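Take a look at the structure below.
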Amino acid sequence: MGKTEEIRKKAPNAVDHTQKRGTKNKKLTEEEKEKNRLLSKVRSRVEHVFHVVTCVFGFPKVRYKGLAKNTCAVYVLFALCNLYMARGLLLSPRG
């Protein structure tokens, strides 16, 4: 049994959000290309947040110090990341 069948057996309502790949003999249709573009937009927004958390705030790995402490640290980091990413809007003069 392959990975796809195993996933469908464990989580029948799961949606596959992986991008489709074209090959030399089978090119992507326009619908597949548009779906890939939409998925790329979402993925780039999410990956940008993780880049800020890992590179700007220096949190590349989770340390094993307890689930509650790690959860709290990640919540604070993502809240700070939201402020960091919105700093241009927050610091711009109103008027």
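Numbers for the structure displayed
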quantity: Considering residues of segment 58-95 that are among the basic types (Lys, Arg) and closer than 21 Å to Val46 by Cα only, the residue modelled with the highest pLDDT; calculated: Arg87
quantity: All positions within segment 26-45 that are under 18 Å from the mean Cα position of the chain (by Cα) and more than 17 Å from Asp16 (Cα to Cα); calculated: Ser44, Arg45
quantity: Unique residue being of a type in the set (Gly, Ala, Ser), over 25 Å from Cys81 (Cβ atoms) and surrounded by 10 or more Cβ atoms within 10 Å (Cβ to Cβ) when the list is Gly22, Gly2; calculated: Gly22
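The values are calculated or read from the model by the stated rules, or taken from the named source; none is laboratory data. Source: prediction; values computed, not measured. A quick note on method: Cβ atoms are made from the backbone with ideal geometry, for glycine too, and the neighbour counts reach across all protein chains shown.
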